[in-house]
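Engineer: Sharing a structure with you now.
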Amino acid sequence: MAHPGRFPWTLLLALGLAAQPAPAQKRYDPGAGDAAIKVGNLVPYTGPFSEYGVIGRAEAAYFRMVNEHGGVNGRRIDFVSLDSGPQFQASLELAHRLVEKEQVLLLVGTWGSAANKLVRPYLERQGVPNLFVASSDATFEDAEHFPWTMPFTPSKLTEASQYGKFVLEHRPGAKIAVLVSDDADGAEFLAGLRQGLGARAAAMIVKEGTFRYTEPDGIARQVAAFKNAGADVFMNLAVGRFATLGIAAAYDQGWRPLQFVPNASLSVAAFLDPAGLEKAAGLICNARSKGWGTQEARKDPAVRDFLDWMHKYNPDASLRDAENVYGYEVAQTLEAVLRQCGDDLSRANVMRQATHLDLELGMLRPGIRIHTSPTDYRPIKDLYFIRFTGKDWAALSGELER
């Protein structure tokens, strides 16, 4: 085990902060005071995307650790995480509750594209920061029109574009089938794939299929159509347990294409185990974080810190669920923002500090930094390819260019 006090301080060693110095006079907006900072969160603990509730639990565990070590600048973090549940429409009511009843200073890690689009107009009008939203929609990096909303990871457009470039380089004669949701998320994935394939997109994409998250049975029918079209590459760009259905359907129908899944669907415990690990072998995905499953990986002090944190503060969570490291990284980044704020805990200063980040996180792969500016609202822009071995994810190549 790491010695007490070690956990959060690996972050502080690498802050390299470009923040502006905080004034000596204390400034507080609702949700902040001398003793505590109240932070809100919306995540589905129930319903069809309940696997992502792991993120909220990981964030809560990280803040428990921070509080045990004295808080942020002497203030504890009070983390109020609400279940956005099976109906994303409930998110707007819950956002009102967090702001008006719970009096949070900010929201962090709000999950899902639909939920974030629903709450965004309200939070923008109120001037409440909605930081590091758990959605990879490109629309959430629009600093000009939505200055109070900030994403965290590379967009779907970037992710799918990189998949297209990979296929173009390594399988130039491929026949590609694409499964996407029948909504704006799916449209962005498809646009990114076409962008990556460039002028070859029309020739290489032989079949496109859509499904609705309310009608998951349609996925197996689409997979059958892809097989019949003679596709040998399967872009399974579904989220979570819906990607699981595509993985299982392809295998069960005797179709063995080169298959890609999005980063949101890489959790071994949540999404590959239910499909069957032998059915998931050979999958390609992308990552930004280090692996932690091997003895070699555990020689890295940052990996040991993460594992020690999991054992002490998040012991009921699965070490095979990648959503834990995602929640860990989001919480670390918010901790850095709040430390930069000093005694100016106004919402305006929270956004000012969030847009002046330049730091390393221990669990990010070498070469990937958290970096933002007033015109650059995407903290993480780079990713790596990984392949599933049938037991765990392994690096496939080096860093991909944006």
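Engineer: List the helices (runs of 4 or more DSSP H) inside the stretch 267-386, counting only whole elements, that have at least 1 residues being in contact with a strand residue (DSSP E or B) (Cβ under 8 Å, 6 or more places away or on another chain).
Structural biologist: In the stretch 267-386, 277-280, 323-341, 347-354 are the helices (runs of 4 or more DSSP H) which contain 1 or more residues that are in contact with a strand residue (DSSP E or B) (Cβ under 8 Å, 6 or more places away or on another chain).
Engineer: Scan the stretch 242-254 and give yes if some residue there is in contact (Cβ under 8 Å) with a residue 24 or more places away in the chain, aliphatic (A, V, I, L, M) and part of a loop (DSSP other than H, G, I, E, B), otherwise no.
Structural biologist: No.
Engineer: Sticking with this one: Do we have Ala201 as outside any strand (DSSP E or B), of a type in the set (Gly, Ala, Ser), at pLDDT 95 or above and more than 27 Å from the chain's Cα centre (by Cα) here?
Structural biologist: yes
Engineer: A further question follows. So Ala202 clears everything in (1) in contact (Cβ under 8 Å) with a residue 12 or more places away in the chain; (2) surrounded by fewer than 20 Cβ atoms within 10 Å (Cβ to Cβ); (3) under 18 Å from Gln162 (Cα atoms) except one condition, right? Which one?
Structural biologist: Condition not satisfied by Ala202: (1).
Engineer: Further question on the same structure: Output yes when any residue across the stretch 395-402 is at pLDDT below 95, surrounded by 20 or more Cβ atoms within 10 Å (Cβ to Cβ) and assigned to a loop (DSSP other than H, G, I, E, B), and no when none is.
Structural biologist: The answer is no; no qualifying residue exists.
Engineer: For the stretch 92-106, state whether one or more residues are among the polar types (S, T, N, Q) and either touching a helix residue (DSSP H, G or I) at 6+ places or on another chain (Cβ under 6 Å) or crowded, with 24+ Cβ neighbours inside 10 Å (or both).
Structural biologist: Among the residues of the stretch 92-106, not one is among the polar types (S, T, N, Q) and either touching a helix residue (DSSP H, G or I) at 6+ places or on another chain (Cβ under 6 Å) or crowded, with 24+ Cβ neighbours inside 10 Å (or both), which makes the answer no.
Engineer: Can you tell which of Gly246, Gly198 is touching a strand residue (DSSP E or B) at 6+ places or on another chain (Cβ under 7 Å) and within 24 Å of Leu168 (Cβ to Cβ)?
Structural biologist: On inspection, the qualifying residue turns out to be Gly246.
Engineer: Going by what's in this entry, would Lys175 be described as under 28 Å from Ser373 (Cα atoms) and charged (D, E, K, R)?
Structural biologist: Judged against the criteria, Lys175 is not a match.
Engineer: Which condition from (1) surrounded by fewer than 22 Cβ atoms within 10 Å (Cβ to Cβ); (2) in the same structural domain as Arg369 (by TED's automatic domain parsing) is the one that Ala191 breaks?
Structural biologist: (2)
Engineer: Another question, then. Identify, please: which residue in the stretch 116-139 is surrounded by fewer than 20 Cβ atoms within 10 Å (Cβ to Cβ) and small (Gly, Ala, Ser) and is, among those, farthest from Phe79 (Cα to Cα)?
Structural biologist: Ala138
Engineer: Take the residues of the stretch 255-266 that are in a loop (DSSP other than H, G, I, E, B) and touching a residue at least 60 places away in the same chain (Cβ under 8 Å): which is surrounded by the fewest Cβ atoms within 10 Å (Cβ to Cβ)?
Structural biologist: Out of the qualifying residues, it is Pro257.
Engineer: Hey, does the stretch 367-379 have a residue that's in contact (Cβ under 8 Å) with a residue 60 or more places away in the chain, among the aliphatic types (A, V, I, L, M) and over 16 Å from Val108 (Cα atoms)?
Structural biologist: Checked against the condition, which is being in contact (Cβ under 8 Å) with a residue 60 or more places away in the chain, among the aliphatic types (A, V, I, L, M) and over 16 Å from Val108 (Cα atoms), the stretch 367-379 yields at least one hit.
Engineer: Separate question: Of all residues in the stretch 217-239, which are modelled with pLDDT under 95 and under 21 Å from Lys156 (Cα atoms)?
Structural biologist: Answer for the stretch 217-239, where residues must be modelled with pLDDT under 95 and under 21 Å from Lys156 (Cα atoms): just Val239.
Engineer: Hey, among the residues in the stretch 140-164 that are in contact with a strand residue (DSSP E or B) (Cβ under 9 Å, 6 or more places away or on another chain) and either at positive phi or among the hydroxyl-bearing types (Ser, Thr, Tyr) (or both), which one's surrounded by the fewest Cβ atoms within 10 Å (Cβ to Cβ)?
Structural biologist: Thr153
Engineer: Just the residues that are basic (Lys, Arg) and either under 28 Å from Ser265 (Cβ atoms) or part of a helix (DSSP H, G or I) (or both), please, taken from the stretch 50-97.
Structural biologist: Correct list: Arg57, Arg64, Arg97.
Engineer: Return a yes/no flag: does the stretch 258-271 have any residue that is among the small types (Gly, Ala, Ser), over 30 Å from Phe306 (Cα atoms) and either under 23 Å from the mean Cα position of the chain (by Cα) or not assigned by TED's automatic domain parsing to the domain that holds Val180 (or both).
Structural biologist: no
Conditions (1) β-branched (Val, Ile, Thr); (2) closer than 24 Å to Leu357 by Cα, marked per residue:
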site: Glu51; (1), (2): no, no
site: Tyr62; (1), (2): no, yes
site: Met65; (1), (2): no, yes
site: Glu68; (1), (2): no, no
site: Ser84; (1), (2): no, no
site: Leu107; (1), (2): no, yes
site: Val133; (1), (2): yes, yes
site: Leu157; (1), (2): no, yes
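The values are calculated or read from the model by the stated rules, or taken from the named source; none is laboratory data. Computed from a predicted structure; not experimentally measured. Cβ coordinates were reconstructed from backbone atoms using ideal geometry, including for glycine residues, and neighbour counts include every protein chain displayed.
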